[in-house]
Every structure is written in structure tokens, then in C-alpha cells.
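Colleague: Here it is, the structure, as C-alpha cells.
The values are calculated or read from the model by the stated rules, or taken from the named source; none is laboratory data. Fair warning: this is a prediction, and the values are worked out from it, not measured in the lab. Positions of Cβ are backbone-derived with ideal geometry, glycine not excepted, and every protein chain shown enters the neighbour counts.
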Amino acid sequence: MSPERLRRVFRLLSDHHGPMHWWPGETPFEVMVGAILTQNTAWSNVERAIAALKEAGPLEPAALLALPEGELAARIRPSGYYNVKARRLRAFCQWLLDAGGEPALRAHPTERLRPALLTVKGIGPETADDILLYALERPVFVVDAYTRRLFSRLGLAPADLPYEALRAGVESALGPDVPLFNELHALIVNHGKSVCRPRPRCGDCILRRDCPAADGI
């Protein structure tokens with residue numbers, strides 16, 4: 001993967017869209033909760049679910065575990081798949097407390113922490129990397145559907161490249177850079193929602209001149 005092309009994509013997207021200020025959250029734990037709730041839903045739905053959780057009390061692992069599972073599910077209903085996500089939240093909160101809480105997580109190297117996160121039921125690679133990058137500020141690039149679509153159209157990576165290979169390719173090309181990974185991923189998501197959609201708006205795309213797929217989709 002070309003470092004020069006990746007950095008050019010970043011510069012063009014940044015100049016066009018401006019700062020993303022992502023991920024929204026008052027605390028690292030709120031970011032972690034958001035990473036679980038955002039699975040298969042729009043962020044606006046997650047915001048409603050988090051607001052409902054805050055109405056029940058402090059947004060803390062022990063407080064969420066103290067809620068009856070039915071009430072927890074009802075409060076996160078706006079995020080969709082609320083019964084499944086309630087179980088996932090409870091599993092994650094218990095794991096987090098057993099691990100010693102957020103401060104204890106920060107003491108572990110990423111090479112040890114990432115596999116540990118992936119043992120939690122309902123935490124897959126993308127959710128784990130959201131938590132690592134945005135909540136714990138680790139230099140881990142997040143791969144999602146927007147990344148795959150954009151990189152495939154730009155010819156940066158095949159659409160079917162395995163998650164770990166694509167993540168490692170970006171990290172190797174750009175080097176360990178938390179602010180860059182944070183902003184690049186947020187810009188890709190924003191661009192994927194507004195321009196590089198399944199039915200793309202190529203005429204509005206700042207990357208059009210660099211995109212072999214432009215107007216040919």
C-alpha cells in the first residue's frame with residue numbers, strides 16, 4: 001500500500017471536510033459503550049441510547065451491571081438489536097471490571113490488550129479497534145465497510161482483502177500515529193456517508209481525479 005497515496009487521500013479529505021472531532025464521548029468508557037452500540041446502526045440512534053442510559057445514573061461499568069438486563073435492553077432500544085447488545089454490554093462491563101478497569105487496561109501493551117478484547121463475546125476486530133484507537137489512544141487503524149469501499153474504488157486494496165491484512169497494510173504504510181489514524185478513519189466514514197456511497201456521487205468527490213472507478217460504477 002502506497003504511503004504517498006494514503007497521505008494524499010488524507011490531505012484531500014481533510015482539506016475538503018475539515019476536522020472531524022471524532023469519537024464523541026465525555027469519557028473513555030462512554031466511547032467504549034458507543035463502540036458496542038454502533039454495531040449495525042446509525043450514530044444518531046446510538047446517541048439516543050446513550051442519553052437514555054445516562055438518565056438511569058452514572059455511565060459506569062458497575063452501574064450498567066446493576067441495571068436489570070430487561071431495563072438495560074429497553075434503554076438501548078434505539079440502537080437496534082437491543083437484547084443482543086444488552087448482553088454484549090454486560091459481558092464487556094464484567095470483563096472490564098475483572099480486568100481492573102480502564103486504568104489497568106492502559107497499563108497493558110496493545111499486543112496483549114487487543115487479543116484480550118477479542119475474547120469478550122460480541123467484540124469483533126472492528127469494535128476492538130474502535131476501543132483501542134478512540135478510547136485508549138492506541139495506534140491501531142480501524143477497518144470498516146466505508147474503508148473497504150473507498151480503498152477498493154481508489155485501487156489501494158482489493159475489496160476482499162482480509163481485515164487484519166488491510167489494517168496491517170495501513171499501519172505499516174503510515175507508521176504508528178494515533179491522531180492520523182483517528183482523523184483518517186473519521187474522514188473516510190464521513191466521506192463514505194456523504195459522497196462515496198454504494199451509489200457514489202462521483203461528481204461531488206474531491207478524490208475523483210485519483211479514482212480509477214470514478215463514473216464507471
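Colleague: Condition check: in the same structural domain as Cys202 (by TED's automatic domain parsing), in a helix (DSSP H, G or I) and in contact (Cβ under 8 Å) with a residue 40 or more places away in the chain. Does Thr127 satisfy that?
Modeller: Against the criterion (in the same structural domain as Cys202 (by TED's automatic domain parsing), in a helix (DSSP H, G or I) and in contact (Cβ under 8 Å) with a residue 40 or more places away in the chain), Thr127 does not qualify.
Colleague: For Tyr134, only one of the following conditions fails: (1) more than 30 Å from Pro212 (Cα to Cα); (2) outside any helix (DSSP H, G or I). What is its number?
Modeller: Evaluating Tyr134 over (1) more than 30 Å from Pro212 (Cα to Cα); (2) outside any helix (DSSP H, G or I) leaves (2) as the failure.
Colleague: So, in the stretch 181-204, exactly how many residues are buried (at least 17 other Cβ atoms within 10 Å of the Cβ) and touching a residue at least 24 places away in the same chain (Cβ under 8 Å)?
Modeller: 14
Colleague: Pick from the stretch 205-217 the residues that are free of Cβ contacts under 8 Å to residues at least 60 places away in the same chain and assigned to a helix (DSSP H, G or I): which of them is surrounded by the most Cβ atoms within 10 Å (Cβ to Cβ)?
Modeller: So the residue we want is Arg208.
Colleague: Shifting gears a bit: Is one or more of the residues making up the stretch 70-79 without any contact (Cβ under 8 Å) to a residue 60 or more places away in the chain, under 29 Å from Leu166 (Cβ atoms) and surrounded by fewer than 16 Cβ atoms within 10 Å (Cβ to Cβ)?
Modeller: Keep residues of the stretch 70-79 that are without any contact (Cβ under 8 Å) to a residue 60 or more places away in the chain, which gives 70-79.
Now restrict to residues that are under 29 Å from Leu166 (Cβ atoms): 79.
Restricting the remaining residues to those that are surrounded by fewer than 16 Cβ atoms within 10 Å (Cβ to Cβ) gives none.
No, every residue in the stretch 70-79 fails to be without any contact (Cβ under 8 Å) to a residue 60 or more places away in the chain, under 29 Å from Leu166 (Cβ atoms) and surrounded by fewer than 16 Cβ atoms within 10 Å (Cβ to Cβ).
Here's the yes/no breakdown for (1) modelled with pLDDT of 95 or more; (2) in a helix (DSSP H, G or I):
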position	(1), (2)
Arg153	yes, yes
Ala157	yes, no
Ala165	yes, yes
Val170	yes, yes
Ala173	yes, yes
Asn182	yes, yes
Val189	yes, yes
Gly203	no, yes
